[in-house]
Amino acid sequence: MTEELISKKELLDLTGISYGQLYRWKRKNLIPEQWFIRKSSFTGQETFFPREKMLQRIDRILGMKDDLSLDALADVFSPSPGDIRLSVGELLERNIVTSTSLNLYIETAGKSEGMSLLGFDQMLTVYVLDKLLQSGDISLEEGRLLVQTLEEYLPGLAGKECGVHLTRKMGVAAFILVPGDVEIYMDRSVRTVARLSLARCTEELKLLVSGSEG
């Protein structure tokens with residue numbers, strides 16, 4: 001399935017932003033270079049964008065630009081984790097994750113309960129686990145499988161857009177990490193139970209962490 005595109009003119013008309021704003025946000029890395037897609041049209045070369053991603057990103061920029069500088073927003077939208085660390089106590093005190101998810105992570109990943117600080121990848125693993133547990137999409141046993149999967153592969157995905165898909169076939173769960181978060185096609189007996197964007201979870205977690213630091 002080809003991703004639906006939106007032209008630059010339609011994007012500006014639909015969102016009400018200006019040409020100058022669009023390219024200023026590009027220069028500030030709020031919008032990835034690869035989202036600017038040059039294609040031939042009957043008028044010559046025209047710029048298009050991935051429609052859903054672009055509309056969501058502009059909506060988030062407009063919603064946050066009064067509270068955060070463009071540089072701070074660029075950091076939020078960057079898929080790079082950065083050097084962010086919080087203690088177990090801070091994560092709980094600031095309601096970033098629940099104790100159930102944190103304890104399950106510590107138990108499954110073989111971490112010490114007295115561990116001092118969690119790096120961003122570790123926090124992201126707990127955050128994704130917490131979202132899926134609270135939504136009711138996964139069981140505790142499936143949560144352990146998620147932690148094992150993210151612990152193994154997340155460090156190698158730093159800075160890359162990736163989707164997390166939970167699938168089930170005949171009651172057996174499997175987690176699939178999809179670089180680029182593209183559509184995947186499986187036989188009809190496999191059901192996709194839940195799907196999360198690691199890039200979006202990274203943005204949400206950075207906002208929670210930066211908000212808690214302020």
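Couple of notes before you dig in:
- Residues (farther than 11 Å from Phe175 by Cα and touching a strand residue (DSSP E or B) at 6+ places or on another chain (Cβ under 9 Å)) located in region 139-153: Ser139, Glu141, Tyr153
- Residue count, region 28-49 (criterion: out of contact with any helix residue (DSSP H, G or I) (no Cβ under 8 Å at 6 or more places or on another chain) and either surrounded by 12 or more Cβ atoms within 10 Å (Cβ to Cβ) or among the aromatic types (Phe, Trp, Tyr) (or both)): 3
- Scanning region 1-30 for residues that are in contact with a Lys or Arg (Cβ under 6 Å, 6 or more places away or on another chain) and either in a loop (DSSP other than H, G, I, E, B) or at pLDDT 95 or above (or both) returns a single hit, Glu4.
- Helices (runs of 4 or more DSSP H) (entirely within region 72-152) containing at least 2 residues that are touching an Asp or Glu at 6+ places or on another chain (Cβ under 9 Å): 99-109, 120-135
- Residue match in region 177-187 (condition: more than 21 Å from Glu52 (Cβ to Cβ) and either surrounded by fewer than 20 Cβ atoms within 10 Å (Cβ to Cβ) or under 16 Å from the mean Cα position of the chain (by Cα) (or both)): yes
- Filter result for Asp59 (part of a helix (DSSP H, G or I) and out of contact with any strand residue (DSSP E or B) (no Cβ under 9 Å at 6 or more places or on another chain)): yes
- Considering residues of region 188-203 that are surrounded by 13 or more Cβ atoms within 10 Å (Cβ to Cβ) and assigned to a strand (DSSP E or B) only, the residue farthest from the chain's Cα centre (by Cα): Val193
The values are calculated or read from the model by the stated rules, or taken from the named source; none is laboratory data. Owing to the predicted nature of the structure, the values given are computational and were not obtained by experimental measurement. As a convention, Cβ positions derive from the backbone with ideal geometry for all residues, glycine included, and neighbour counts pool all protein chains shown.
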